[in-house]
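The values are calculated or read from the model by the stated rules, or taken from the named source; none is laboratory data. Fair warning: this is a prediction, and the values are worked out from it, not measured in the lab. Cβ placement follows ideal geometry from the backbone for every residue including glycine, while neighbour counts extend to all protein chains displayed. The protein model used for the area step is the full one, side chains on, heavy atoms only, and it has no ligands, DNA or RNA in it. Shrake-Rupley method; radii C 1.70, N 1.55, O 1.52, S 1.80 Å.
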Amino acid sequence: MILTREEEYQKIVEAYGNAGGNTDLLGNRQVANMVVHENRVLSANEVEGISLKSESTERGVALVLTVEEGRKIEHPVDLCFGMLPQEGLQEIDLKMNVQDRSEVNIIAHCVFPNATNITHKMDADIRIGNNAVFSYSETHYHGDHGGINVIPKARVEVGENSVYRNTFALVKGQVGRLDFDYETICGRKSNTELVAKIYGKAQDDIRIAEKVHLNGEGAKSLIKSRLVLKDKARAEVVGETYGNAPLARGHVDCNEIVDGDEAIAKAVPIVSVSNRQAKVTHEAAIGSIDKKQMQTLMARGLNEEEAINVIVRGILA
Amino acid sequence: MLEVSQLCYNSNGQAIVDDLTLSIGKQEIHAIIGANGTGKTTLAYLVMGIYSPFTGSVFFEGEDITACSVSERAQKGITLAWQDPARFEGLKVGEYLKLSNKNGSRAIEDCLSMVGLLPSQFLNRSVDENLSGGERRRVELAAVLAMQPKLAILDEVDSGIDMASLPYIMQGVSAMKSQGSSVLLITHTKDALDIADRASLLCGGKVLQTGSPEEMSQWFGDHCVICNHINVPEEGSA
Ligand SMILES: Nc1ncnc2c1ncn2[C@@H]1O[C@H](COP(=O)(O)OP(=O)(O)OP(=O)(O)O)[C@@H](O)[C@H]1O
Ligand SMILES: [Mg+2]
């Protein structure tokens, strides 16, 4: 079936809405936004202080997003990447340049509602200047077939005194195969927080690698991952933090819940310190749902399944 | 309402609850007192169904519930406020209270107010590690109030509560009674004993004495060495 551009736009926006995106924002002139389907930009809107330059490539889109120096962008920027067909390849090349003293919140949705054999690659290069605040939250929806291979890679540099918050969520539908690889270099007195929340089901295969280099004096970081695995899903979470500067503080916090006899969870926290005034800590909890939490909810009249749902929803919220 | 007969529970070969018999009437606040480690929380778990007794039985409203699960007992109207309540990441106080209040018969805001917590400040907090110990216990009591149970087992809901808030907790417990609930009130304080109808003293997993709060208040005096089973090293041990 061949869709017109208008139909494509409507369908991808619908998928974006189903994945939790606010569809009102995509057409809103006050809000910077962009919708990309396969290798085509279907719509784009810039607002003052932000430039969004895009170019179609053979298999995807190359996008350069710049937030100008000193600009505080009032509304979150909405990005939607996706593919409607069941099969195909999409490669997104994303460069983000968040200049000194700017502030921006980006909300991205990656939607592949019908995927049976799709590969989605994202290569991101993110430069955050000094005294800037950058939040990036990415929510994925891959449909219910698990027929997708998603490979997001990012290299991030966080400047002095800057704040960087990254959230990755994939809690609806199936994951498919996910190979997530983020590396962050943190400057002096910067603050980095990386959060991943994933619900694996069926044969989902999840690998998360997050590496943080605390290179600037007084840099702080938190790597937080929350995974729930059902059926035969498997996951490996590698959270690495290197404390390389005086007064650098890092923490790795991984919680993986296995709700099923055949799911497999693995956590590999790597913490390393090369400066005697740096400190990096980690905690990992891997296992079944907490018994006391279950009993507490059951003592309020919930049955076992209801109690599990409440606990899982909270962890992935 | 609740009849516990000849309950025994062992752990690692040691009797923790030992031939314990106790009954609680309708709309009765029954305090349980006794030193640390005498089996009060274990009794609470046995009544809630978290532990199964080795021998003995639990009857509730004339029905043998000894073999019932925690959920089944809760559905019959029994609930428990834990001594050290669990924390829940990502679950808001408001949602937590709503879970307890399935029929929605009492406004959850009122339940928070009854334990002296401002709804505007607490409804959107998470029931996670960021609540203080006292706040978490008060939220737990609010959840019990929201459930309007027939029998509330309250395990030291008044411990670690600040002086200004303690009256709210006591009023909350008394309110349960006036609304028709029975309460098994595990406590170490005289304040809680004073709002009880009766009290039982536990020692070494047994009920040593049951009486009126006045009679039982003797155990809070200067001579609070409850009985010689407690804190006496076993023969032969160092
Ligand atoms: N799972 C267990 N394994 C071994 N011993 C246990 C276990 N649970 C409880 N105990 C022991 O049983 C005894 C009774 O414990 P319980 O928690 O019921 O005491 P309690 O009366 O509630 O004390 P407190 O006033 O400190 O709350 C204690 O000595 C405790 O150490
Ligand atoms: Mg106890």
* Structure fact -> Here the membrane-span-like helices of chain A, with no claim about any membrane, defined by DSSP H, Cα axial extent at least 15 Å and mean Kyte-Doolittle at least -0.5, are A:304-316
* Asked: Just for the protein assembly as shown, what percent of DSSP beta bridges are antiparallel, to the closest 5?
  -> 15
* Chain-alone versus full-assembly comparison, region A:274-301, residues with accessible loss of at least 20 Å² (1.4 Å probe) -> A:Lys292, A:Gln293, A:Gln295, A:Thr296, A:Leu297, A:Met298, A:Ala299, A:Arg300, A:Gly301
* Counting all C-alpha pairs of the protein assembly as shown, share separated by more than 47 Å (%) -> 29
* Return the aspartates and glutamates within reach of A:Lys211: Cα separation strictly under 17 angstrom, same-chain partners fewer than 8 residues apart disregarded; answer none if there are no such residues. => A:Asp123, A:Asp125, A:Glu157, A:Asp179, A:Asp181, A:Glu183, A:Glu193, A:Glu236, A:Glu240, A:Asp253, A:Glu283
* Report the far tail of the P(r) of region A:5-290, meaning the percent of Cα-Cα pairs longer than 22 Å. => 58
* To do: Roll a 1.4 Å probe over the protein chains and send me the accessible area per residue for region B:11-125 in Å².
  => 43
* Just report the Cα centroid separation between region A:185-222 and region B:28-95, whole Å. => 41
* **For the protein assembly as shown, calculated [θ]222 nm from helices alone, where every DSSP H run of n ≥ 4 adds -39500 (n - 2.57)** => -5500 deg cm²/dmol
* Ignoring ligands, DNA and RNA, how do A:Glu183, A:Glu304 rank by accessible area with a 1.4 Å probe, largest first? -> A:Glu304, A:Glu183
* To do: Would you mind putting A:59-65, B:123-129 in packing order, based on average other-beta-carbon counts within 10 Å, highest first?
  => A:59-65, B:123-129
* Mind checking the mean number of beta-carbon atoms from other chains within 10 Å of the Cβ atoms in B:45-57? -> 1
* Give me the percent of the accessible area of the protein assembly as shown that comes from carbon and sulfur atoms, probe 1.4 Å, all protein chains in place. => 45
* Structure fact -> In order over region A:130-144: 3J(HN,Hα) from phi, Karplus 6.51/-1.76/1.60, θ = phi - 60°, whole Hz, x for each Gly or Pro, gives 8, 6, 10, 10, 10, 10, 9, 10, 10, 10, 10, 9, 10, x, 10
* Quick one: how many Å² of B:Val144 are accessible to a 1.4 Å probe, rounded to 10? -> 0
* To do: Please work out the Cα center distance from region A:1-74 to region A:256-281, rounded to the nearest Å.
  => 36
* Count, for each residue of B:66-78, the Cβ atoms from other chains sitting within 10 Å of its Cβ, then give me the mean as a whole number. => 4
* Area hidden from solvent between A and B (accessible, protein heavy atoms only, 1.4 Å, total, Å²) -> 1800
* Asked: Across the residues of B:82-89, average count of Cβ atoms on other protein chains within 10 Å?
  -> 5
* Relative contact order, percent, chain A [alpha-carbon distance under 8 Å, six or more residues apart] -> 9
